[in-house]
Number of protein chains: 2
Amino acid sequence: MSELRKDPVTGRWVIISTDRRKRPPDFRLESVHIAPDPSCPFCEGHESMTPPEVLAYRERGAADGPGWSIRCVPNKFPALERMGEVREHRDGPFVSVDGVGAHEIIVESPDHDGHLPTLDDPQVERVLRAYRERYHDLAADRRVKHVQIFKNHGERAGASFSYPHSQIIAIPIVPLRILEEMEGLRAHAADREGECLYCEILRRELASERRVVAENGAFVALEPFAARFPFETWILPKVHARAFEMLSDSDRGAFARILKDTLGRMNRLLEDPSFNYYIHTAPIREVEGTYHWHLEITPHLTEIAGFERGTGFYINPVVPEDAAAILKGEIRWSTRPESSPR
Amino acid sequence: MSELRKDPVTGRWVIISTDRRKRPPDFRLESVHIAPDPSCPFCEGHESMTPPEVLAYRERGAADGPGWSIRCVPNKFPALERMGEVREHRDGPFVSVDGVGAHEIIVESPDHDGHLPTLDDPQVERVLRAYRERYHDLAADRRVKHVQIFKNHGERAGASFSYPHSQIIAIPIVPLRILEEMEGLRAHAADREGECLYCEILRRELASERRVVAENGAFVALEPFAARFPFETWILPKVHARAFEMLSDSDRGAFARILKDTLGRMNRLLEDPSFNYYIHTAPIREVEGTYHWHLEITPHLTEIAGFERGTGFYINPVVPEDAAAILKGEIRWSTRPESSPR
């Protein structure tokens with residue numbers, strides 16, 4: 001028997017359907033192959049192949065030359081550009097806005113194979129420090145309403161380059177996903193004397209431990225109750241904190257460790273799957289309303305098909321409690337269908 | 001310069017970004033390869049490989065044997081099953097419901113290669129007749145709140161089998177996507193003396209023709225103003241009609257022709273892309289509120305990545321007006337990057 005689960009914050013429904021795991025090609029395991037490329041624009045020594053850097057951490061060398069540990073550059077093919085005013089255009093029911101914003105790349109390591117689970121802790125911390133620095137710079141632009149930090153790993157997850165990198169897109173509109181969460185949090189707080197729903201969820205998850213993957217002093221990694229995707233994992237600060245950009249220097253180490261640990265588990269136990277992660281944080285200059293920032297990791301092991309696109313429901317063939325046990329190494333993951341026909 | 005467009009009905013935002021079309025591997029063209037398979041459970045003569053049929057159109061032969069033109073069977077690996085009561089379970093903020101519903105397959109042709117654009121018109125009409133018959137049967141179940149008819153074509157679109165087939169999932173909850181549309185329609189009707197927003201959009205689109213791909217007496221195929229995906233195409237009835245299941249026998253031919261025509265254009269001009277389509281119709285027994293049923297076709301030419309998952313924004317590298325011109329054969333589609341590195 002399958003089960004329908006409702007996300008407590010957004011009200012989004014998911015079908016948890018373990019039967020479907022048995023059907024032929026539900027999982028497409030395609031490990032992410034890394035092939036160094038002489039024409040890779042992100043490799044050390046190839047700095048002239050990108051636009052000039054907007055931030056770099058370096059021990060030696062000059063801007064746009066070798067010697068860096070982290071390097072941030074504008075995306076050569078930006079979704080949005082940093083110029084002009086945010087003008088609205090209306091034609092009856094059709095509303096559009098000029099594509100003003102920013103789109104940047106954060107190169108995470110001078111090593112072409114230096115993916116997050118393999119980097120040393122100080123380097124992962126540097127990646128997070130760069131996230132925060134770029135966040136603050138972009139958020140200072142009054143045209144920008146939201147800054148989305150995210151990572152695409154693997155071709156199936158939309159990565160155009162195998163080189164380890166993250167991206168930042170600054171947009172002139174607060175995204176629907178954030179507004180939906182804020183509305184869920186607002187409704188809960190109104191019912192419960194201002195309590196944060198994410199804090200309540202954390203308290204329950206830590207008490208039951210069934211969906212907890214890892215934790216340290218400041219953070220928890222857990223499978224959400226209504227996970228949309230197999231092995232979807234969220235990392236949340238244990239103490240209520242509205243926005244990622246408020247992450248203190250002292251907590252940055254704990255966040256780096258749990259992020260590296262969680263991605264390392266996926267890399268080892270799920271055979272280096274394609275994945276996305278993205279940081280959900282309160283909108284810029286949003287003083288009204290509650291929020292509790294977190295990072296969501298969504299592996300790409302199944303396809304989004306017509307049912308999902310049509311309804312907004314997701315079908316997840318792995319029970320979140322099982323996913324947590326697998327990522328903790330308590331049970332082994334085996335999904336390869338026996339001998340079914342395609 | 002890119003452009004942000006807002007869907008008039010749902011308020012969903014899309015970045016229309018033609019610059020990104022130039023970047024290396026934005027489009028993954030993978031034509032759908034069809035290989036007949038001796039172990040294919042949907043082929044004529046293999047009827048015993050599926051659960052017993054719930055509907056079939058046949059000139060000869062007995063149930064669950066050869067001789068059919070259309071055959072509907074329960075999905076062997078159902079997302080939801082037709083048994084039990086819809087019970088709700090609560091544990092603090094965590095709400096779930098038993099997975100009651102139905103999940104069926106509609107085999108569209110006895111020919112393993114008989115995809116919709118290649119079928120004769122009467123056979124496409126039979127597919128639509130089967131949609132309606134199964135819809136009515138499933139909707140009669142008082143536990144069912146919504147019936148989603150959809151099609152996955154190609155592995156990237158989530159199809160497990162290359163055999164031409166559609167699917168129906170009956171669910172005990174009205175999906176979010178439908179509720180969002182109904183809310184947009186309600187707000188518009190309240191402002192405009194009951195006017196249907198889809199009717200208003202149709203009037204404008206037919207007047208300007210810029211986004212119209214095809215039309216006949218009863219239906220229009222168009223690229224929506226805020227298309228999420230390249231070549232996303234909607235087919236709408238010209239005369240206001242709340243629900244698909246009310247499609248008359250006399251209009252079924254017109255719908256079959258425009259569906260076949262639109263899919264044929266995609267097949268020819270986009271090299272048989274993976275795609276989904278799904279029918280959006282009013283919830284069952286929904287008498288309050290307005291709705292205007294339609295079918296949405298979404299080709300899979302780009303990947304959904306971290307930005308989309310994080311924000312709910314989509315990035316579409318093809319301007320809908322260009323997509324319409326391409327599907328009309330007025331301009332040629334060419335996206336293969338010249339010689340850029342991966």
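The values are calculated or read from the model by the stated rules, or taken from the named source; none is laboratory data. On a predicted model such as this, the values are computed, not experimentally measured, just so you know. Cβ: placed from backbone, ideal geometry, glycine included. Neighbour counts: every protein chain shown. In case anyone asks, the SASA skips ligands and DNA or RNA and just uses the protein heavy atoms, side chains included. Shrake-Rupley method; radii C 1.70, N 1.55, O 1.52, S 1.80 Å.
Interface burial in the stretch A:73-90 reaches 20 Å² or more for A:Phe77, A:Pro78, A:Ala79, A:Leu80, A:Glu81, A:Met83, comparing the full protein assembly with the chain by itself; accessible area from heavy atoms with a 1.4 Å probe. Ordered by solvent-accessible area of protein heavy atoms (1.4 Å probe), largest first, the residues A:Glu200, B:Glu53, B:Glu271 come out as B:Glu271, B:Glu53, A:Glu200. Leaving ligands and nucleic acids aside, the B/A contact buries around 7300 square angstrom of accessible area in total at a 1.4 Å probe radius.
Using C-alpha pairs below 8 Å separated by at least 6 residues, the relative contact order for the stretch B:102-246 is 19 percent. Here B:Lys328 yields copy-to-copy label distances, from shortest upward, of 6.0 nm, the label point defined as 7 Å from Cα along Cα to C-beta. Here the simple spin-label model places points 7 Å from the Cα toward Cβ, and for A:Lys76 and A:Ser248 these points are separated by 4.2 nm.
For the stretch B:254-304, trypsin sites (Lys or Arg not before Pro) are listed when DSSP marks them as loop and at most 10 other Cβ atoms sit within 10 Å of their Cβ; the list is B:Arg285. In terms of overall dimensions, the C-alpha atoms belonging to the stretch B:105-173 reach 37, 29, 15 Å along their principal axes, ordered largest to smallest. Please compare each pair in B:Lys76/B:Lys145; A:Lys6/B:Lys260; A:Lys238/B:Lys145; B:Lys6/B:Lys328 to a cut-off of 31 Å on the Cα-Cα distance and tell me which ones are over it. Pairs exceeding the cut-off: A:Lys6/B:Lys260; A:Lys238/B:Lys145.
The translational diffusion coefficient of chain B, from Stokes-Einstein at 20 °C and 1.002 mPa s with a Kirkwood hydrodynamic radius over alpha carbon pairs, comes to 100 µm²/s. When the charge dipole of the protein assembly as shown is built from unit charges on Cβ atoms (+1 for Lys and Arg, -1 for Asp and Glu) and taken about the Cα centre, the candidate among A:Ala139, B:Ser39, B:Thr298 whose Cα reaches farthest toward its positive end is A:Ala139.
Across the stretch A:81-177, Cα pairs under 8 Å and at least six residues apart give a relative contact order of 33 percent. For the protein assembly as shown, the alpha-carbon radius of gyration amounts to 0.95 times the rule-of-thumb value 2.2 N^0.38 Å expected for a compact globular protein.
Basic side chains Lys and Arg get +1 at the Cβ, acidic Asp and Glu get -1 at the Cβ, and with that the dipole of chain A about its Cα centre reaches some 560 debye. How large is the Rg to Rh ratio of the stretch A:40-106 when both quantities use alpha carbon positions and Rh follows Kirkwood? Rg divided by Rh gives 1.20. Between the stretch A:140-192 and the stretch B:54-82, how many Å separate their Cα centres? The stretch A:140-192 and the stretch B:54-82 have Cα centres spaced 45 Å from each other.
Would you look at the GNM of chain A, springs on alpha carbons closer than 10 Å, and say which of A:Ala190, A:Ala256, A:Ala323 moves the most? Of the options given, A:Ala190 has the highest mean-square fluctuation. Across chain A, Cα pairs under 8 Å and at least six residues apart give a relative contact order of 22 percent. When each copy gets a label point 7 Å from Cα toward the beta-carbon at A:Glu209, what are the spacings between them in nm, shortest first? From this label point to the equivalent ones elsewhere in the assembly: 7.1 nm. Segment A:His46..A:Arg143, full-extension length gain: 31.7 nm, with 0.36 nm per residue of separation and the alpha-carbon distance subtracted. Chain A residue nearest by beta-carbon to the axis mapping A to B, with distance in Å: A:Ile304, 3. Taking 0.36 nm per residue of separation and subtracting the current Cα-Cα distance, fully stretching the chain between A:Ser39 and A:Glu59 would add 4.7 nm.
What is the dipole size for the protein assembly as shown, taken about its Cα centre, with +1 at each Lys and Arg Cβ and -1 at each Asp and Glu Cβ, in debye to the nearest 20?
120 debye
Extending 7 Å from Cα along the Cβ direction at B:Arg87 and again at B:Leu179 yields two label points whose distance is 2.4 nm. For chain A, modelled as a GNM whose springs connect Cα atoms under 10 angstrom apart, the maximal fluctuation among A:Asn216, A:Asn152, A:Asn276 occurs at A:Asn216. Remark: label point of B:Asp191 defined 7 Å out from Cα along the Cα-Cβ vector; separations to the same position in other copies 3.1 nm, ascending.
Using a Gaussian network model of chain A in which every pair of alpha carbons under 10 angstrom is joined by a spring, one finds that among A:Phe225, A:Phe307, A:Phe150 the greatest mean-square fluctuation is at A:Phe307.
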